[in-house]
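Laboratory data are not the source of any read-out in this text; all were calculated from the coordinates shown. In this text the structure is predicted, and so the values were computed from the model without any measurement. Neighbour counts are summed over all protein chains in view; Cβ atoms, including those assigned to glycine, are modelled from backbone coordinates with ideal geometry.
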């Protein structure tokens, strides 16, 4: 069985991936498992724990296994990958993907420096590691999937957003928004609702077919993520 591990900063990314993976994987038989890793690190103050949040279904003849690891914070994605890199290599994984936001510590201008920093302690003799940056936050991807607004509320149209907030999610580059999470909440507030991180309302409203076919072409790092997963399946 071919195995892939994806490390993310939190639950929002986990549930997004759980919805996106079937769109990418299509007819491929895959098994997905969700674990949360907490503690550990060089300080040793808090014992390391790796707990199963959502167990994989019973494995039968599936050819692909994907482990999603919730690291509990964007600053921890790289360090947790470093800690688990050797054990995952020995366990027969073929690749590790790490997904993290830029905010609040970095801006778009910092990307080259951040990419160098993320790879600094990755051991090249072990399985490959690739980092995906959601710029500035994964909510920029949600903004770009503009079909979902009318799923949140039929009156939440692009025109309403343009008139009241001054930007167009259907045509503007959502990667340039400095605070996508706030933008998303501001959009929802136009119809008396709120965006709550880790709430499944938004990820359930997203049009994953639109993300896979169209939105990825507007967001290079999302395209990179999808390409990595497609490569894993070949």
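Numbers for the structure displayed
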read-out: Separation in nanometres of the label points that stand 7 Å from Cα toward Cβ, at residue 223 and residue 191; value: 3.0 nm
read-out: Förster radius 25 Å - calculated FRET efficiency between residue 18 and residue 233, Cβ distance, rounded to 0.05; value: 0.90
read-out: Percent RCO, i.e. relative contact order, over the chain, from Cα pairs under 8 Å lying at least 6 residues apart; value: 22 percent
read-out: Base-10 log of normalised Debye intensity for the chain (one unit scatterer per alpha-carbon) at q = 0.13 Å⁻¹; value: -0.80
read-out: For the stretch 105-159 versus the stretch 59-102, the gap between their alpha-carbon centres in whole angstrom; value: 17 Å
read-out: Per residue Cα convex hull volume in Å³ - calculated over the stretch 140-205; value: 74 Å³
read-out: Cα centroid separation - the stretch 186-234 against the stretch 12-27, whole Å; value: 10 Å
read-out: Estimated distance in nm for a label pair at residue 179 and residue 212, the labels positioned 7 Å out from Cα along Cα-to-Cβ; value: 3.5 nm
read-out: Rounded, prolate or oblate (a/c below 1.5 giving rounded, otherwise prolate when a/b exceeds b/c) for the stretch 181-234 by Cα gyration tensor; value: prolate
read-out: By average C-beta atoms within 10 angstrom, highest first, the peptides 63-72, 115-124; value: 63-72, 115-124
read-out: Kirkwood hydrodynamic radius (C-alpha pairs) into Stokes-Einstein, the stretch 104-148, 20 °C and 1.002 mPa s, D in µm²/s; value: 170 µm²/s
read-out: Alpha carbon convex hull of the stretch 61-137, projected area averaged over orientations, nm²; value: 5.7 nm²
read-out: The chain: angle of helix 77-90 to the longest principal axis, Cα-based, in degrees nearest 10; value: 40 degrees
read-out: Sites residue 171 and residue 198, calculated FRET efficiency, Cβ-Cβ separation with R0 25 Å, nearest 0.05; value: 0.30
read-out: Inter-label distance for residue 160 and residue 125, nm, one decimal - labels placed 7 Å from Cα along Cα-to-Cβ; value: 5.9 nm
read-out: Tilt relative to the chain, helix 220-232 - C-alpha long axis, 0 to 90 degrees, to 10; value: 40 degrees
